[in-house]
Structure formats: structure tokens, C-alpha cells
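Working notes, beginning with the structure itself.
The values are calculated or read from the model by the stated rules, or taken from the named source; none is laboratory data. Everything quoted here is computed from the prediction, not taken from an experiment. Neighbour counts run over all protein chains shown; Cβ positions are idealised from the backbone, glycine included.
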There are 2 protein chains.
Amino acid sequence: MHETAELLKEHHLKATPQRIKIVSMLEEYGHINIEDLYSHMLEEFPSVSLATIYKNINQMIESGLIQEVKIPKTKSVFELIKEPHLHMVCEKCGKIEDICIGTEKVIEEAKKLSGYDIKESFITLRGVCPECQ
Amino acid sequence: MHETAELLKEHHLKATPQRIKIVSMLEEYGHINIEDLYSHMLEEFPSVSLATIYKNINQMIESGLIQEVKIPKTKSVFELIKEPHLHMVCEKCGKIEDICIGTEKVIEEAKKLSGYDIKESFITLRGVCPECQ
DNA sequence: CTGAAAAAGAAAATTATTTTCTTTTAAGGC
DNA sequence: GCCTTAAAAGAAAATAATTTTCTTTTTCAG
């Protein structure tokens, strides 16, 4: 069995071909928006419905398999949930990449200044990637 | 003349009562979503159109007066543009606050690891505010 | 105070997302 | 492997969000 199918099962989602394709695309591309997801799905499943995409995306969010990433001035994309990371967005080519770096300093300082008990951080950095420089 | 009106003029926007109210609300609340903006506007301008709200918000974004802030699992809000800052969101009461802290460390490290030439950063921290703890 | 350009408001159009309903399918038990 | 059944897919309609179009009203420079 696909390991992708197992991933779905672990999240109590039936391993339908459409869901396997969605998860495979997330694995392949890392980040993808609804529109691109739909157009790629159409290649393999010519009669797939946009409602199926939305329903599956929402179920995958509810089950903790994926999450929405909101990026300024851009359509939201979705990604598989993994260890905490931040997002690098290239303003030239539009590429989105994940990087893992320590954010304790910022979080600690924010905590000190604001008094908040901080649970999560969402960091997006926009600039120009090495290939576009 | 209102200083709010002058702020609009500086951004080449005519100082209509509706725009003055929008900017005043942004000054008062700091962050506000379209829905709340509209319902407060209705109190003062019973015949205001939602299209007017959207058109003004978009013009204010284009002119560099305000910007959209996208927050995970929440409707977007808008804020007046000011010095760079990050956003604190209370997961209990929903409050959004700005804080200014240094982010050079994170940005420097991200630059080193990714090779990106970083131009902007967008940071949102979610947690529990002092009042809700 | 007047005219031109822009904005407001109303309504329609478009786009995005969700819901409903019927048919099809995945997968556990035999 | 074959049933059964709950869940998913697909189609279409419904709802929500946003934008556009068009006419009337208003701002504001001269």
C-alpha cells in the first residue's frame, strides 16, 4: 500500500484516489493553492469536482494532516503539517520554501514585552531567492 | 480640518466622510475586519454600501495608507501602515496587538541559511494575553 | 461659486466556498 | 473474494465574498 494511503489512514481519512493525489501533490510541491491543486487534479481525474477538493482540504485540516498558510498579497496555500518552520517567499519567482531556524530569541523578547503566554509563531519572510538574484 | 482628512490628502485620496470614518476606526481600533468595519459604518452612514467599503479599502492599500494583515484561522484585518512591528493575537479574547521588537537575529539567520535577500518580515505570535491568563 | 473629476450608492456580475442530494466506492467482516 | 455500510465523489444549487458597472452626488481646485 502507498505510504501516502497510510498517512491518510492514520488521520482517520479513507484513502481515496483523489485524497492520495492531493497528499502526493503536497509532498511533491510542498505548498499549493486551491486553484493549482484543482487544475492538476483535473489532469488525472477529469471529472473531479471543486467541491471534492474543498471538502477534502477541510477534512485534512480538521484531522491535523495539513494546514493553511496565509501569505501577504498572495492566495493561501496548503502544506502538510511537520515540525515548526518559517516560510521564505521569493518576490520574483513566487517560490515558497520552508526553513528551520531558532526563533526563541524573538519569542522570548515578545513574551517579556507583551506579557503574552506565546503558544505558536507564524513567520513569513519575503525577499529574493538565490536563483533570482 | 481633521488631521485624518490631511492624512488622506497626503495619500492623494479625497477626504470624504466615509473615508474619514474608515481611517478614524483604524486609528481607534488598530485592526479591524471588513465585516466589523461595515457594521460600524452603518451606524453613522445608514446607506453606506459594502462596495464603498471595499473600494476604499483597496484604494487605501494601493496608496500605501493601510495594509491587510492575514492571521491564521481568522478573517483578515486592516491596519494603518506605520513602523515595522509584529502581531500578537490572543487566542482567548481574539485581541490583536502590535509590538516592536528587534528581529535582526532571525532575519540574519534566515538569510544565511536560505541565501535569500530578505526585504520584509511578517510575524504573528499566538498565545494568551495577560488579561486572559 | 462653479465645473470637472472622483466618490458614493444601488444593483448586477463575478469569484470563492459550502451545502445538498444522489450515485459510487473503500474497506472491514464474513 | 464477496457483501454491507458508512463515507466519499460528483453535480448542481446555495451562500458568501468581492468586484464591476452605471447613475447620482460630492469634493475641491480655481
Expected single match for under 13 Å from the mean Cα position of the chain (by Cα), at pLDDT 95 or above and of a type in the set (D, E, K, R) among A:Asp117, A:Asp98 is A:Asp98
Scanning the stretch B:1-28 for residues that are touching a residue at least 24 places away in the same chain (Cβ under 8 Å) and among the basic types (Lys, Arg), the one surrounded by the most Cβ atoms within 10 Å (Cβ to Cβ) turns out to be B:Arg19
Of the residues in the stretch A:31-52 that are of a type in the set (A, V, I, L, M) and touching a helix residue (DSSP H, G or I) at 6+ places or on another chain (Cβ under 8 Å), the one that is nearest to A:Val77 (Cα to Cα) is A:Ile32
Any chance B:Lys70 is within 26 Å of A:Cys93 (Cα to Cα), charged (D, E, K, R), more than 15 Å from DNA strand D (Cβ to nearest atom) and at the interface with chain A (Cβ under 9 Å from one of its Cβ atoms) | no
Just wondering, is there one or more residues in the stretch B:67-83 that are hydroxyl-bearing (Ser, Thr, Tyr) and in a helix (DSSP H, G or I)?
-> no
Note on the stretch B:40-60: residues free of Cβ contacts under 8 Å to residues at least 12 places away in the same chain and either within 25 Å of B:Glu120 (Cβ to Cβ) or within 12 Å of DNA strand D (Cβ to nearest atom) (or both) are B:Ser47, B:Ser49, B:Ala51, B:Lys55, B:Asn58
Restricting attention to the stretch A:73-95, the residues that are surrounded by 12 or more Cβ atoms within 10 Å (Cβ to Cβ) and within 16 Å of DNA strand D (Cβ to nearest atom) number exactly 3
Pairs returned, first residue in the stretch A:82-99 that is away from chain B (no Cβ under 11 Å), second residue that is at pLDDT 95 or above, beta-carbon separation under 6 angstrom, 6 or more apart or interchain, are A:Cys93/A:Cys132; A:Ile96/A:His31; A:Ile96/A:His87; A:Ile96/A:Val89
Result of the Cβ filter at 8 Å on the stretch A:101-120, keeping first residues that are within 7 Å of another protein chain (Cβ to nearest Cβ) and in a loop (DSSP other than H, G, I, E, B) and partners that are buried (at least 16 other Cβ atoms within 10 Å of the Cβ) and among the hydroxyl-bearing types (Ser, Thr, Tyr), at least 6 apart or interchain, is A:Thr103/A:Ser121
